[in-house]
1. Quickly run through region 10-26 and pick out the residues that are without any contact (Cβ under 8 Å) to a residue 24 or more places away in the chain and part of a helix (DSSP H, G or I).
2. Of everything in region 93-121 that's touching a helix residue (DSSP H, G or I) at 6+ places or on another chain (Cβ under 9 Å) and part of a strand (DSSP E or B), which residue is surrounded by the fewest Cβ atoms within 10 Å (Cβ to Cβ)?
3. Please determine, by comparing only the residues of region 203-255 that are polar (S, T, N, Q) and in a loop (DSSP other than H, G, I, E, B), which one is surrounded by the most Cβ atoms within 10 Å (Cβ to Cβ).
4. Given (1) within 20 Å of the chain's Cα centre (by Cα); (2) exposed (fewer than 15 other Cβ atoms within 10 Å of the Cβ), where does residue 382 come up short, assuming only one miss?
5. Hey, can you tell me all the residues within region 123-178 that are β-branched (Val, Ile, Thr) and farther than 28 Å from residue 305 by Cβ?
6. For residue 161, only one of the following conditions fails: (1) within 19 Å of residue 376 (Cβ to Cβ); (2) in a helix (DSSP H, G or I). What is its number?
7. Which number in (1) assigned to a loop (DSSP other than H, G, I, E, B); (2) crowded, with 21+ Cβ neighbours inside 10 Å marks the one condition that residue 431 misses?
8. I need the full set of residues from region 55-65 which are under 26 Å from the mean Cα position of the chain (by Cα), in contact (Cβ under 8 Å) with a residue 40 or more places away in the chain and more than 17 Å from residue 176 (Cα to Cα), in order please.
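The values are calculated or read from the model by the stated rules, or taken from the named source; none is laboratory data. This is a predicted model, so every value here is computed, not measured. Every residue, glycine among them, receives a Cβ derived from its backbone with ideal geometry; neighbour counts consider all protein chains shown.
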Amino acid sequence: MSAPPKSPGTPITDRRQLVEFHENGNKPPAAWRVGTEHEKFVFRHSDLRRAPYEGPDGIGALLQGLLRFGWDPVREAGNIIALENDARCSITLEPGGQFELSGAPLETIHQTCDEVHEHLRQVREVCDELGLGMLGLGFDPTSRREDVGFMPKGRYRIMRDYMPKKGRMGLDMMLRTCTVQANLDYQSEADMVKKFRVALALQPVATALFANSPFTEGKPNGYQSYRSLVWTDTDPDRCGTLPFVFENGFGFERYVDYMLDVPMYFVYRDGRYIDASGQSFRDFLAGRLPALPGEIPTMTDWNDHITTAFPEVRLKSFLEMRGADGGPWRRLCALPALWVGLLYDSGALDAAHDLVADWTETERDAMRAEVPKLGLDARIRSRTLREVALEVLDFAREGLHRRRRLDRAGEDETHFLDTLFSIAGSGRSPAAEMLEDYEKRWGGDIKRVYDEYAY
């Protein structure tokens, strides 16, 4: 999640400014980029427990150690809580210390994989010195909720207190989940709408392909993506599949209306987070926010607020694809490849749009409800998600092939989809393979996951 803002921003005196914030994301295709974000669990090799922030082998020490690679520290109340560099990358901390690289906006998936590889190289060097490791799964396989400490970030204290008021699993989301996410651009409002609809409808396919969280507190939990289940009981005000995106007339204005109705968490002022949980941004616009009576918001406040909604696809000045579990290196590159292939080629986008155009809200919701447990065996009408995934992957492969973005060896981006074709072709999710290993090769020893799924 985001670091504290650096400037207060322009005061909001007209609602039109909120719409323009999203309109300003419009870019010609030549300027389209892809950003990849991925989270990892940090654990101690000595006892396989999650690393706290404090101590000589804690998250704070890990961040301090990474400064040798040219990162600049971001501090809150004296603690390093994020890192930044000139390449427009950042390293941030999720509430339970999940370690996130927010990658730079890059032109190709080749560059994305180089970025991921270099990040993991740096992290591994420092982790080896501290006796730490990093695990690529969608849900913490062994830790109880009470075993995981919160990071020293003011916004997380407010969220921690508010989450249990809205859902049973909000604290699990904060402390025990990890994701990989791809961020993509749009050309115009119409292009945004088309991409948003395709991406929302197909997030369950991504969830099924990347399903990688079958364990809770050391035992199988009965799900392929327990992380995906957690999001269904986190906070109905700010999560979900956004059915209004598929309604006639949807655009930037309608998304602003949605965000104005998402209850606030906080306001950042003078180096501290002020609790505004449950309060209304509409009241803030009118100068009637109980947490800051008489003040009106700034565009920085709006930028903060839109990060506190967690739908399956999120609109900022770009679109965020949020449906996938975290996983190993190869799948970190596969997710942006999937979405770039589908959304950055007009032929692939048209084909995907035609595929999902007549799916009903009821059908989309049923698919979303089934996928955490059933994965690729979930259904849409008469088809399994495995069948849909194979078709969608064909669209994406053709899209990447037509993009023709070549590496130094003259190879295009299509090979980054190979791992997903293997999953869909076999019909076996990563979770299914892990469960089989647990029952057979591991002999029920969950500790083996730290050997085989660490970076």
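1. 16, 20, listed by residue number.
2. Across region 93-121, the extreme among qualifying residues is 106.
3. 224
4. Result: residue 382 fails condition (1) only.
5. Of everything in region 123-178, those that are β-branched (Val, Ile, Thr) and farther than 28 Å from residue 305 by Cβ turn out to be 123, 126, 142.
6. (1)
7. It is condition (1) that residue 431 fails.
8. 61, 62, 65
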